[in-house]
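Asker: Pasting in a structure now, in structure tokens, and then I'll have a few things to ask.
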Amino acid sequence: MKVTVNVSNRHIHLTREHVEALFGKDYVLTKQKTLMQPHQFAANETLTVSGPRNEVSGVRIVGPERNQTQIEITVADARHLGIPAVLRVSGDLKGSASAILKGPEGIVELNEGVIVAKRHIHISETDAIEMSLKTGDLVFVKISGERALMYENVVIRTDKKNAEPECHLDIEEANAALIKNGDKADIIK
């Protein structure tokens, strides 16, 4: 099966509580652009992520709001910030790295919630059943071209809400194969 590859740069998912702490009471995130997965959008708003060693400013927020605040960074970002590069599936935050978020109206200190996201594929339950796959399965993703690569241990993430088949690689992984948003790849079981 072919899948669209999109490059995931560093970004932040916020809870309602943290949106208000960072931007003010009753603040509503504004949409910069719609993302491929249903109801997901890149917000106009950005924040500064601060670690013990350095900061990274201009980190984009991705909406909608979530149940737990999560910061997704690269391995290079983790080294720059001076925090551990904790490799996890999105949402698996227990015991992950800590950081401070700085916004125009306040600061939020996170005891956990900073991860390097594992490479993964969003797929609908219908497509997963057709491919004999389920959430948590690991597959290969084959990238063709001048810098062809085979990515191992790509996590399947199924969604009942008709997820679009989409592979997310972080910017470091994508650069290794000269991948750009919208490129196609093959899923290999």
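The values are calculated or read from the model by the stated rules, or taken from the named source; none is laboratory data. Just so it is clear, the model here is predicted, and its values are computed rather than measured. Note: ideal-geometry Cβ built from the backbone for every residue, glycine included; neighbour counts use all protein chains shown. Surface accessibility is based on the protein's heavy atoms, side chains included, excluding ligands, DNA and RNA. Shrake-Rupley method; radii C 1.70, N 1.55, O 1.52, S 1.80 Å.
Asker: Over 20 Å between C-alpha atoms is what I'm after, so list which of 2/180; 118/142; 31/118; 94/180; 2/189 land there. Could you put the intermediate results ahead of the total?
Answerer: Working: 2/180 15 Å; 118/142 16 Å; 31/118 26 Å; 94/180 32 Å; 2/189 12 Å.
In this structure, 31/118; 94/180 exceed 20 Å between Cα atoms.
Asker: Compute and list, largest first, the equivalent-ellipsoid semi-axes of the range 108-164 from the alpha carbon gyration tensor, each √(5λ) rounded to a whole angstrom.
Answerer: Working: eigenvalues 114, 80, 19 Å².
Those come to 24, 20, 10 Å.
Asker: Within straight cross-link reach of residue 25, meaning Cα distance under 27 Å, which lysines are found once same-chain residues fewer than 8 apart are removed?
Answerer: 33, 102
Asker: Shifting gears a bit: Among rounded, prolate and oblate, which fits the range 56-96 when a ≥ b ≥ c are the square roots of the eigenvalues of its C-alpha gyration tensor, a/c under 1.5 means rounded, and a/b larger than b/c means prolate?
Answerer: Oblate shape, in that a/c is at least 1.5 and b/c is the bigger or equal ratio.
Asker: Using modelled backbone amide H atoms (1.01 Å from N, in-plane), which distant-in-sequence or interchain residues come within less than 5 Å of residue 89's amide H?
Answerer: Those qualifying (amide H under 5 Å, at least 5 residues apart or on another chain) are 118.
Asker: Going by the alpha-carbon gyration tensor, a ≥ b ≥ c the square roots of its eigenvalues, is the range 1-106 rounded (a/c under 1.5) or, if a/c is not under 1.5, prolate (a/b greater than b/c) versus oblate?
Answerer: Oblate, since a/c reaches 1.5 and b/c is not below a/b.
Asker: Averaged per residue, what accessible area in Å² does the range 89-189 show with a 1.4 Å probe, protein chains only?
Answerer: 54 Å²
Asker: Could you tell me the relative contact order of the range 52-136? Use alpha-carbon pairs under 8 Å, at least six residues apart, and round to a whole percent.
Answerer: 27 percent
Asker: With each label point set 7 Å from Cα along the Cα-Cβ vector, what nm distance links residue 20 and residue 1?
Answerer: Output for this residue pair reads 4.0 nm.
Asker: On to the next question. Stretch residue 159-residue 34 to full length: gain in nm at 0.36 nm per residue minus the Cα-Cα span?
Answerer: Length difference between fully extended and current span is 43.2 nm.
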